[in-house]
Ligand SMILES: [Zn+2]
C-alpha cells in the first residue's frame, strides 16, 4: 500500500472548492510519456497553476502503472526543483471501469479516481460509485462519477451517441453515491473527431466546420440544483486548426477534425465546472511538431532531436489553456 501523501500529491477537495468559488477550472491533462509529464509540470510551475495529471486504463497498459506512479512522484519533485515550493498536483485515474481497478489505483498512490458507471442503468451506477466512494474516502482519496453519456472515442471508452445528463437526477445521484465531483454530458465529446460534418455548419468565410454549441441551459440547471458542487467536463479539447494544418501539411491525414471552441470552454470555466479534461490537443501538438521536424530534417534519427520540439509545443499549448481558457494561473 502506497498512499499518495507519501508521494507529495494532493486530492481534489480543496482545489475544487477554490476553483468553484473563484470562477476558474483546473486543467486535467492526460499523460503517457516522459515528455508529456515534463511539459505539464513546466507549464504548471511557470503559470503557478494547480494541475491534475490523469492516466487512463490505456495509459496504464501502455506505460505500466508502477512507472506512472513514480513519474507522478517525480513530477512533484521536479516542480519543487523548478522553484515551486508547494506544488498542487493530483494523480487521477481517468475512466475507471471497475471497483477493482479503482482500488488498485488507490492502493498504489493515486489521489483521485474516476468511476465511470455512466453506461450502466441508473441504480447500478449509484451502487458501483458508492462502493468506490466508501473505499476511497477511507483513504482520503476523492472520487469523480459520471452521469450522462459522451459521444466519441477515447482509448477503451467509446460511444456512438451522446445522452445529455438529466438535471433532475443530479441531486439524488450525488447524495446517494457520495461522489466528490460529477462529470456531465452537455455536448462535449471524446477524440479529435468530436462531430461529424453533418452535425456542424460551415463558416462561409473560411469554409471551416463550426460545431454545435454546448448545452449551457443544462449546465445552468445542474448548477441551480447542486449549488457549489464540482462539475467536470470530459472531451474538451479544442483541436487547434493550426496543429491539424501542420499535421496535414507534413504527410498526415486528419480531414475535418473538429473540437470544442475555446470561448465556450472559457465560459464553462467561470461556472461550477472546475475540471476540464484535455487529451487530444496534447496528442495533436506532439504529432504536429514531430511530423514537421521529420519533414525538415530527414537526416535526424536521435529521438531527442524531435521530442524536444514536441515537448516545447505541448508546453506552449498547456500554458495557453491554463492562462487563456481555464484561468487557473496564479493560484498557488
Ligand atoms: Zn473522458
task = Would you check which residues across the range 260-310 are over 23 Å from residue 185 (Cα atoms) and touching a residue at least 24 places away in the same chain (Cβ under 8 Å) and list them?
result = 284, 285, 286, 287, 288, 289, 291, 292, 294, 295, 307, 310
task = State the number of residues belonging to the range 188-202 that are assigned to a loop (DSSP other than H, G, I, E, B) and either within 14 Å of the ligand (Cβ to nearest atom) or surrounded by fewer than 16 Cβ atoms within 10 Å (Cβ to Cβ) (or both).
result = 5
ask   = Does residue 205 qualify as being part of a helix (DSSP H, G or I) and surrounded by fewer than 21 Cβ atoms within 10 Å (Cβ to Cβ)?
value = no
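Okay, residues lined up against (1) over 28 Å from residue 14 (Cα atoms); (2) part of a strand (DSSP E or B); (3) modelled with pLDDT of 95 or more:
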residue: 123; (1), (2), (3): yes, no, yes
residue: 126; (1), (2), (3): no, no, yes
residue: 129; (1), (2), (3): no, no, yes
residue: 132; (1), (2), (3): no, no, yes
residue: 135; (1), (2), (3): no, no, yes
residue: 140; (1), (2), (3): no, no, yes
residue: 146; (1), (2), (3): no, yes, yes
residue: 152; (1), (2), (3): yes, yes, no
residue: 158; (1), (2), (3): yes, yes, no
request  = Would you be able to tell me the number of residues in the range 242-285 that are more than 14 Å from residue 313 (Cβ to Cβ), assigned to a helix (DSSP H, G or I) and more than 16 Å from the ligand (Cβ to nearest atom)?
outcome  = 8
ask   = Taking the condition more than 25 Å from residue 178 (Cβ to Cβ), modelled with pLDDT of 95 or more and more than 16 Å from the ligand (Cβ to nearest atom), does residue 77 pass?
value = yes
task = Can you give me the number of residues within the range 86-97 that are in a loop (DSSP other than H, G, I, E, B) and either in contact with a strand residue (DSSP E or B) (Cβ under 8 Å, 6 or more places away or on another chain) or within 12 Å of the ligand (Cβ to nearest atom) (or both)?
result = 2
task = Would you please name the residue that is farthest from residue 15 (Cα to Cα), looking only at residues in the range 221-241 that are surrounded by 14 or more Cβ atoms within 10 Å (Cβ to Cβ) and more than 16 Å from the ligand (Cβ to nearest atom)?
result = 241
ask   = Just one of 69, 60 is over 14 Å from the mean Cα position of the chain (by Cα) and either part of a strand (DSSP E or B) or within 16 Å of the ligand (Cβ to nearest atom) (or both); which is it?
value = 60
note = Here, helices (runs of 4 or more DSSP H) confined to the range 1-51 with at least 2 residues that are buried (at least 24 other Cβ atoms within 10 Å of the Cβ) are 13-22, 34-47
inquiry  = List pairs: first residue in the range 95-119 and in contact (Cβ under 8 Å) with a residue 12 or more places away in the chain, second residue within 13 Å of the ligand (Cβ to nearest atom) and in a helix (DSSP H, G or I) anywhere in the structure, Cβ distance under 8 angstrom, at least six positions apart or on different chains.
reply    = 95/57; 96/57; 97/57; 101/57
message = Give me the residue from the range 231-251 that is within 22 Å of residue 181 (Cβ to Cβ) and out of contact with any helix residue (DSSP H, G or I) (no Cβ under 7 Å at 6 or more places or on another chain) and, out of that set, modelled with the lowest pLDDT.
response = 235
query = Residues of the range 100-126 being surrounded by fewer than 17 Cβ atoms within 10 Å (Cβ to Cβ) and either under 29 Å from residue 167 (Cα atoms) or out of contact with any helix residue (DSSP H, G or I) (no Cβ under 9 Å at 6 or more places or on another chain) (or both), which ones?
reply = 100, 107, 119, 120, 121, 122, 123, 124
query = Checking residue 164 against (1) surrounded by 12 or more Cβ atoms within 10 Å (Cβ to Cβ); (2) more than 16 Å from the ligand (Cβ to nearest atom); (3) closer than 30 Å to residue 101 by Cβ, which test does it fail?
reply = (2)
inquiry  = Take the conditions in a helix (DSSP H, G or I), touching a strand residue (DSSP E or B) at 6+ places or on another chain (Cβ under 9 Å) and under 24 Å from residue 92 (Cα atoms) and apply them to residue 170. Does it pass?
reply    = yes
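The values are calculated or read from the model by the stated rules, or taken from the named source; none is laboratory data. Treat the numbers as computed from the prediction; the structure is a model and nothing was measured. Reconstructed Cβ throughout: ideal geometry from the backbone, glycine too, with neighbour counts over all protein chains shown.
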